[in-house]
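Okay, structure first, notes after.
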Amino acid sequence: MVTQPVFRFAPSSNGALHLGHALSAMLNARMARAAGGRFLLRIEDIDPERCTPALEAAIYEDLRWLGLDWEEPVRRQSEHLAEYEDVLKKLVREELVYPAFMSRGDIRDHIAQAGERAGNWPRDPDGVPLYPPVDRRLSNRERRRRIEAGAPFAWRLDVEAALARVARPLAWTEFADERLAAASPVEARPQDWGDVVIARKDVPTSYHLAVVLDDALQDVTHVVRGRDLFHATSVQRLLQALLGLPEPAYHHHRLVEGPDGRKLSKSARDAGLSALRAAGRTPDQIARMIGLDPEE
């Protein structure tokens, strides 16, 4: 039985879409059409403080202005927290995650007190220091005591324990370009990230957990997203193997950079699509700006 290709664009409703989002959305839609597949839109809105209905509505407006269509209904992560929580509870029961109590300040202080090792403290692919192993060594009794006392915490994946549960080596299939003509295996190295956050105390998931569950539940076969998420795929491959989820193929496309050479971001308040539209830009001009040929 031949599986119909399924592509998805999954923005967070915590800011305006910019040119980088336009490239990802348009690539996914075009690749789905070329492969005779389906194109889905997913709204990643698990952050209740930053994600708003107004920003979500703006996403729909921007994408429709670009000429994109997608299947309904749109999956909104905030409507599926119970599904994520069920999986989180499974990971807790199997002792593959643990409550982590250290704040960013605590982490900085711990590393500073490491003496000569502080300068060589391991860092993840984004350059962030790995989480110290302190909380992983706490007894279950001490963990319960802190939680019952109301201490803030996040659930972190015990990567060492998780790797011991899955078949090695781990890898994913990476396509070299949007034509999907050449693919090669890429070694997954989740250990490079240390014990990543899997869920928050008040939200029973994180990006890593939600994205692998969503892709599996929506039968996504091809994950096409920016190169900045290339290394994060290692963590997601580990979760897929750990949870027995299907493995999609991946293509991590080039990034759209600003005049100063850095990748565009919402936090830097780079010009959004709505602002470009208000300035008189057309969808064809947007396509040219991101290096795509306008469609007839």
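Nothing in this text is a laboratory measurement; each read-out follows from the coordinates by a stated rule. Computed from a predicted structure; not experimentally measured. Note: ideal-geometry Cβ built from the backbone for every residue, glycine included; neighbour counts use all protein chains shown.
If you take the beta carbon distance between Ala182 and Gln218 as r and set R0 to 35 Å, what does 1/(1 + (r/R0)^6) give as a FRET efficiency, to the nearest 0.05?
On the way: r = 26 Å, r/R0 = 0.74.
Working from the Cβ atoms, E equals 0.85.
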Next item on the list: Subtracting the Cα-Cα distance from 0.36 nm times the residue separation, let me have the gained length for Val74 to Glu142 in nm, one decimal.
Entry: 20.3 nm
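Would you mind calculating the gained length between Glu94 and Gln4 on full extension (0.36 nm times residue separation, minus the Cα-Cα distance), in nm to one decimal? Mind showing how you got there, number by number?
Numbers: separation 90, 0.36 × 90 = 32.40 nm, distance 3.44 nm.
Additional length available on full extension: 29.0 nm.
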Notebook entry, point to check: Distance in nm between label sites at Glu295 and Arg117, each 7 Å beyond Cα in the beta-carbon direction?
Noted result: 5.4 nm
Checklist line | Helix-only CD estimate at 222 nm, as mean residue ellipticity for the chain, using -39500 (n - 2.57) per DSSP H run (n ≥ 4) | finding: -10000 deg cm²/dmol
Margin query: Which one, Glu56, Glu142, Glu178, has the greatest fluctuation when you compute a Gaussian network model over the chain with C-alpha springs under 10 angstrom?
Written below: Glu142
Next item on the list: Only one of the values (i) 25; (ii) 13; (iii) 19 was calculated from this structure for percent of Cα pairs over 34 Å apart; name its label.
Entry: (i)
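Roughly how big is the chain's charge dipole about its Cα centre, with Cβ charges of +1 (Lys, Arg) and -1 (Asp, Glu), in debye to the nearest 20? Please list the in-between numbers first.
Numbers: 41 positive and 45 negative charges, 138 e Å.
Charge dipole of the chain: 660 debye, to the nearest 20.
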